[in-house]
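The values are calculated or read from the model by the stated rules, or taken from the named source; none is laboratory data. Fair warning: this is a prediction, and the values are worked out from it, not measured in the lab. Don't worry about glycine lacking a Cβ; one is built from the backbone with ideal geometry, like all the others, and counts go over all protein chains shown.
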Amino acid sequence: MADYDNRILRGAATTADTMDMGLRAHMLRVYNYMTGALALTGVVAYVVANTPALLNAFYQMTPQGLQPTILGWVVMFAPIAMVLLLSFRIQRMSQGAAQATFWAYAALMGASLSSILLVYTGASVALTFFVTAATFGTMSLYGYTTKRDLTGFGSFLFMGLIGLLIASLANMFFQSPAVSFVVSILGVLIFTGLTAWDTQKIKNTYYEVGRDGALAGKAAVMGALALYLDFINIFLFLLRFMGDRK
């Protein structure tokens, strides 16, 4: 009887070890996807900002400042469409199609964000990026290691995100510096919290679908997309504080 119990315990330990190794591999894949997407976004942004023909295709200088062209507006809104496509159609997409959509999204984001390199100094952009990376890394590590269930915390942050979007849209008409300042602070706090929540959600998703290779592959793409969005938004909101305009 004791030997039978020991075999059960050894089997459970083996299963746990396998799951832990699988989880580490899954998280590494997610972070690799996210890092690759950030690198692609940065390269495309740099190329567009330093290629006059591309820059003129996306932006034009007006008395009010740098404004998007029609193609520029398309590039700005196309990533939103791709996020919606991945969110609602990924289960019907192949893993290869999901990855291709993700990389296309990252490239379009680079074209959309290229104007940052024209508005802010390179030094302030680099400094903001490293501060964002440190903040993101700390919160993602917390989300990965904490035993606390962050589900309720995530719901609260999601409600805050909706409020943030409404305030941002309203301020497009009122152009209030005070509202813009508050929105920037809340944006940093909300997406910093979402980083921890999304990281824990990625872990929990792996426990649900980890044994299915195809589903785990798609889950890695969606996890990378969520963390990518968290990183980009923290960066953009921090840039409003830390960025030195040219």
Is it the case that some residue within region 67-82 is in contact with a Gly (Cβ under 6 Å, 6 or more places away or on another chain) and surrounded by 14 or more Cβ atoms within 10 Å (Cβ to Cβ)? no
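Tell me whether region 189-196 contains one or more residues that are part of a helix (DSSP H, G or I) and closer than 24 Å to residue 117 by Cα. If you could, list the steps in order and put the result at the bottom.
Narrowing region 189-196 to residues part of a helix (DSSP H, G or I): 189-196.
Cutting the leftovers down to closer than 24 Å to residue 117 by Cα gives us 191-192.
Yes - at least one qualifying residue is present in region 189-196.
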Spot the failing condition for residue 117; the list is (1) farther than 29 Å from residue 69 by Cβ; (2) in contact with a helix residue (DSSP H, G or I) (Cβ under 7 Å, 6 or more places away or on another chain); (3) at pLDDT below 95, and only one is missed. (1)
Residue 94 passes all but one of the listed conditions (1) within 30 Å of residue 25 (Cβ to Cβ); (2) of a type in the set (S, T, N, Q); (3) touching a residue at least 24 places away in the same chain (Cβ under 8 Å); (4) surrounded by fewer than 14 Cβ atoms within 10 Å (Cβ to Cβ); the exception is number (3)
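Answer yes or no as to whether residue 112 is surrounded by fewer than 18 Cβ atoms within 10 Å (Cβ to Cβ), in a helix (DSSP H, G or I) and not hydrophobic (A, V, I, L, M, F, W, C). Reasoning before the result, please.
Details: surrounded by fewer than 18 Cβ atoms within 10 Å (Cβ to Cβ): no; in a helix (DSSP H, G or I): yes; not hydrophobic (A, V, I, L, M, F, W, C): yes.
It is false that residue 112 is surrounded by fewer than 18 Cβ atoms within 10 Å (Cβ to Cβ), in a helix (DSSP H, G or I) and not hydrophobic (A, V, I, L, M, F, W, C).
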Quick check: is even one residue across region 205-218 in contact (Cβ under 8 Å) with a residue 60 or more places away in the chain, over 18 Å from the mean Cα position of the chain (by Cα), outside any helix (DSSP H, G or I) and surrounded by 12 or more Cβ atoms within 10 Å (Cβ to Cβ)? yes
